[in-house]
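A.B. asks: The structure that follows is given in the form of structure tokens.
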Amino acid sequence: MLFHRPPRHARQAGLTLIELLIAITVLAVVAVLGWRGLDSIVRSRISLSAEMERTRGVQLAFAQLERDCANIISPEMFPNRPPLVAEQQRLVLIRKVFTENQPVRLQIVAYRVRNGVLSRRESRPTRDLGELETAWLINDDSLVKEEVALEAGVSAMAVRVWASNAVTWRAVDINAPQMATGTAAPAASAATPAGNASTFKGLEVSLQLEGTTSPLTKVFLLGAV
């Protein structure tokens, strides 16, 4: 029986060592490029999720402030103090509290930015004006509830007001608190309402978040529409 030797080219079929090394190199390059692309997508998603979470936190804070502003009292309900005192980094207002089967009560609410945190503090709702006066002075912790942090990473809060006869927003000077029943007054007499001034109708609050170039701004109407 005769055996036929296979052709020379049939015995050499397959990849050489150089071709195998080239293929491995190409696969490695493709894998690195794919990993970088995936890593970039993951990082972008994490950053976007964090930004959305911060924006959601600020929106919730604005929603709470909107409810407070909608229920702000009229000046005659508590003549000893102005319904609104606004200055940079701090905002204090007196609002009405409505509870089922309860008479209308008054409450002091304070917003402020300190150490990069926007917080809200409120007094216990009351119909006793003497108790409300004590709560305004923030001297009795039993009358003032614990401060609640609303959002971290807030570097600044700017406030502007709109009077009923105004044609533009008026910036608030940090050294001259603005009152809803009066014009600017020195810091030492901030609690004394002025008598001959327009009532504020609108409030603009801007929050500057750390790491951002533009502040988040919202306008609030003072009092129920």
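The values are calculated or read from the model by the stated rules, or taken from the named source; none is laboratory data. Keep in mind it's a predicted model, so treat the numbers as computed, not measured. For neighbour counting, all protein chains shown are included, and Cβ atoms are generated from backbone atoms with ideal geometry for every residue, glycine included.
A.B. asks: Here is a list: Glu151, Glu147. Which entry is within 30 Å of Glu51 (Cβ to Cβ) and buried (at least 18 other Cβ atoms within 10 Å of the Cβ)?
C.D. replies: Details: Glu147 fails: buried (at least 18 other Cβ atoms within 10 Å of the Cβ).
Being within 30 Å of Glu51 (Cβ to Cβ) and buried (at least 18 other Cβ atoms within 10 Å of the Cβ) holds for just one of Glu151, Glu147, which is Glu151.
A.B. asks: Here are the criteria: (1) acidic (Asp, Glu); (2) under 15 Å from Phe220 (Cβ atoms); (3) out of contact with any strand residue (DSSP E or B) (no Cβ under 7 Å at 6 or more places or on another chain). Tell me which single one Asp68 does not satisfy.
C.D. replies: Result: Asp68 passes all but (3).
A.B. asks: Being surrounded by fewer than 16 Cβ atoms within 10 Å (Cβ to Cβ) and under 13 Å from Val97 (Cα atoms) is the filter here, so list the residues in the range 50-73 that pass it.
C.D. replies: Arg67, Ala70 - these are the residues of the range 50-73 that are surrounded by fewer than 16 Cβ atoms within 10 Å (Cβ to Cβ) and under 13 Å from Val97 (Cα atoms).
A.B. asks: Also: Sort out for me the strands (runs of 3 or more DSSP E) sitting completely within the range 45-121 that have 2 or more residues that are farther than 17 Å from Gly202 by Cβ.
C.D. replies: Values: elements: 84-87, 90-97, 105-114.
Result: 90-97, 105-114.
A.B. asks: Still on this model: Glu76: in contact with a strand residue (DSSP E or B) (Cβ under 8 Å, 6 or more places away or on another chain), modelled with pLDDT of 80 or more, surrounded by fewer than 17 Cβ atoms within 10 Å (Cβ to Cβ) and on the phi < 0 side of the Ramachandran plot, yes or no? Steps first, please.
C.D. replies: Details: in contact with a strand residue (DSSP E or B) (Cβ under 8 Å, 6 or more places away or on another chain): no; modelled with pLDDT of 80 or more: yes; surrounded by fewer than 17 Cβ atoms within 10 Å (Cβ to Cβ): yes; on the phi < 0 side of the Ramachandran plot: yes.
Answer is no for this residue.
A.B. asks: Could I ask something else about it? For the range 88-116, enumerate the residues that are more than 14 Å from the chain's Cα centre (by Cα), closer than 17 Å to Ala158 by Cα and of a type in the set (Val, Ile, Thr).
C.D. replies: Listed by number, the list holds a single entry, Val92.
A.B. asks: Same structure again: So Val104 clears everything in (1) loosely packed, with under 15 Cβ neighbours inside 10 Å; (2) at pLDDT below 90; (3) not charged (D, E, K, R) except one condition, right? Which one?
C.D. replies: Condition (2) is where Val104 drops out.
A.B. asks: I need a count of the residues in the range 1-16 that are exposed (fewer than 10 other Cβ atoms within 10 Å of the Cβ) and either at pLDDT 75 or above or not in a helix (DSSP H, G or I) (or both).
C.D. replies: Our first condition is that a residue be exposed (fewer than 10 other Cβ atoms within 10 Å of the Cβ); within the range 1-16, this holds for 1-14, 16.
Keeping just the survivors that are either at pLDDT 75 or above or not in a helix (DSSP H, G or I) (or both) gives 1-7, 12-14, 16.
The qualifying residues number 11.
A.B. asks: If the Cβ limit is 6 Å and pairs must be 6+ apart or interchain, which residue in the range 45-71 that is more than 17 Å from Arg120 (Cα to Cα) and modelled with pLDDT under 90 pairs with which residue that is of a type in the set (A, V, I, L, M) and surrounded by fewer than 16 Cβ atoms within 10 Å (Cβ to Cβ)?
C.D. replies: none
A.B. asks: Take the residues in the range 180-224 that are farther than 25 Å from Ala156 by Cα and modelled with pLDDT of 50 or more, then tell me which one is surrounded by the fewest Cβ atoms within 10 Å (Cβ to Cβ).
C.D. replies: Applying the filter and picking the extreme gives Ala224.
A.B. asks: Check the range 17-27 and report whether any residue there is among the small types (Gly, Ala, Ser), under 25 Å from Arg114 (Cα atoms) and part of a helix (DSSP H, G or I). It would help to see each step written out before you state the result.
C.D. replies: The first filter runs over the range 17-27 and keeps only residues among the small types (Gly, Ala, Ser), leaving 23.
From what's left, under 25 Å from Arg114 (Cα atoms): none.
Within the range 17-27, not a single residue is among the small types (Gly, Ala, Ser), under 25 Å from Arg114 (Cα atoms) and part of a helix (DSSP H, G or I).
A.B. asks: Go through the range 80-95 and give me each residue that's in contact with a helix residue (DSSP H, G or I) (Cβ under 9 Å, 6 or more places away or on another chain) and surrounded by fewer than 18 Cβ atoms within 10 Å (Cβ to Cβ). Can you show your working first?
C.D. replies: Taking the range 80-95 and keeping what is in contact with a helix residue (DSSP H, G or I) (Cβ under 9 Å, 6 or more places away or on another chain), we get 80-84, 87, 91-95.
Within the range 80-95, Asn80 is the sole residue that qualifies.
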